[in-house]
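The structure appears below as C-alpha cells.
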Amino acid sequence: MMKKICFLAAALAATASLALVGCGDKAGSAHHDDTETGTYRGIESTESIYGLAAVTTAKLLAVNEAPAASVSDTELLAFTAEGTQDAVGKAKTAAEDFNKYFNILDTFLDRSSTTTVVEDNASADAALAGYAFKLTITGRNAAGEDVPHTLYYSETKGETKTDSRRDDDETVTVTSTVYTLEGVVEMGAGEGAPVYYHMQGTRTEQIITETEGRETETEQRSTLSLRASAAAGDMSDYVELTHTQSTEEETGEAETEALYTYKTYVAGRLVESTSVEFETETEHGEQETEYTVRFLSGASRGVYEIEREIENGRTEIAVKYSIDGATGRFVIVKNADGTYRYKFSDNSADDEIFRDFYD
C-alpha cells in the first residue's frame, strides 16, 4: 500500500521549496468566527489552523535553539562554485537544512489524519490556569505514529466594523473583526519536564462582498499573525508566523488559497524566511489540493518531491531531488530511538543520521 504526499522543495540562494499534501474537513461544527470547543478533523477549521501554526512555529524556534551541526554557508558556497560533488554528495550537503524543515513538518505530513480537540481549560497549574482553552492537535509522524501537541490560549474578540464603497455599478462591502490571541505551546512533555513557548498574536476575519447588477461574489479572508519566543515578550530571538487564507465563491464554484510564512529572528535580525502555501479548488463537487513550501537554505538550488510509502507495516519517506542540476533519490526512515536515517544509496557509508527535536 502506498500513500502519496507531494512535498516540493526549492532551495534557492534566498529560498528553497518543499511541498505537502493532505485534505482537511471539520466534524460536528459549522463555520464560525469564534473558538468553539469540540473535535475537528483535517486542517481547515480555525482551531486546527491555530494548532498547526502554533506548534510548527514553536518547533522551528526549538530547532533553532538546538546545537547546530549544519554545513556552513561558506562551505555551501564553496561546493556550489566548484561543482565537484556528485548527486549523492550534493544531496548529503543539503540534507541538514532539509532535515531542519522536515522536523517541523513531519507530524503534519498526513493532513487527513490530523485531529484537533478544543476544551475548556481546567488546569490547576498557576502558569496555565489563566488561559481559557486547552487545544490538543494530534498528527501522524514519519513512523506512522500519532503524536499529540498541546496549546493553552485565550482569544479576545474585538469590535466588528463594516465599510462600503460604490464604484460605478459595483458595490463593495467589507466586514472585519479582529481577535487577540495569547498562550503557550507545550513541548517535550514526554521527555520529562515540559518546555513552554510563549505565543501572542492577532487574527483578522474579513468578509468581502462585491455586487454588480445581479451578480454577487463573496470572499472570506482570514489573516493570523503569531510570534513564538522562549520568554514572554522577547523581541530579540523569536519566530514570527503570518497565515493568510481566502475563499472565493461564485456560481457553485469555490477556490481556497492559504499561505503560512515563517520568519526567524536572531538577536533582532531576520536570518531566515519560510513559506508554506496550498490551494484547494472545488468544482462540481470534486476537490483538488496543491501544497508548496519554500524556505531559506544556503546557496544551493534544489527541488524535492516526497512520497510516504507504507509497505509491510513499515513507513518510509521517499524523496526525489534535483539539486544544482544533479538528480537522485533518497529515503528517510525514522529509527526506534527517534533519529532519522537518510539513505542516499545502497552503500551504508552514504547514510546520514539526524536527531529529531520535539515530538
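Taken together, the values in this text are just the output of simple stated rules run on the coordinates, not laboratory data. Every value quoted in this text rests on a predicted model; they were computed, and no experiment measured them. Reconstructed Cβ throughout: ideal geometry from the backbone, glycine too, with neighbour counts over all protein chains shown.
Rounded, prolate or oblate: which one fits the stretch 209-251, using the alpha carbon gyration tensor with axes a ≥ b ≥ c (rounded when a/c is under 1.5, else prolate when a/b beats b/c, else oblate)?
Values: a/c = 7.47, a/b = 5.00, b/c = 1.50.
It is prolate, given that a/c is not under 1.5 and a/b is the larger ratio.
Given Cα positions, please report Rg to Rh for the stretch 172-272, the hydrodynamic radius being the Kirkwood one.
Numbers: Rg = 18.4 Å, Rh = 16.1 Å.
Taking Rh as the inverse mean 1/r over Cα pairs, Rg/Rh reads 1.15.
Run the numbers for residue 270 and residue 34: contour at 0.36 nm per residue of separation, minus the present Cα-Cα distance, in nm. Intermediate values should be presented prior to the final figure.
On the way: separation 236, 0.36 × 236 = 84.96 nm, distance 3.24 nm.
Residue separation times 0.36 nm, minus the Cα-Cα distance, leaves 81.7 nm.
What do you get for GluC sites (Glu not before Pro) in the stretch 133-200 restricted to DSSP loop and a cutoff of at most 12 other Cβ within 10 Å of the site's Cβ?
Values: sites: 145, 155, 159, 170, 182, 186, 191; in loops: 145.
Those satisfying the criteria are 145.
How much length, in nm to one decimal, is gained on full extension between residue 207 and residue 193, taken as 0.36 nm per residue of separation minus their Cα-Cα distance?
Details: separation 14, 0.36 × 14 = 5.04 nm, distance 4.31 nm.
Full-extension gain reported as 0.7 nm.
If you stretched the chain out fully between residue 123 and residue 355, how much longer would it get, using 0.36 nm times the residue separation minus the C-alpha to C-alpha distance?
My answer for the length gained is 80.3 nm.
Quick one: which of 134/334; 100/157; 90/263; 134/343 span more than 31 angstrom between C-alpha atoms? Don't skip to the end; give the middle numbers.
Details: 134/334 29 Å; 100/157 35 Å; 90/263 26 Å; 134/343 39 Å.
Pairs exceeding 31 Å: 100/157; 134/343.
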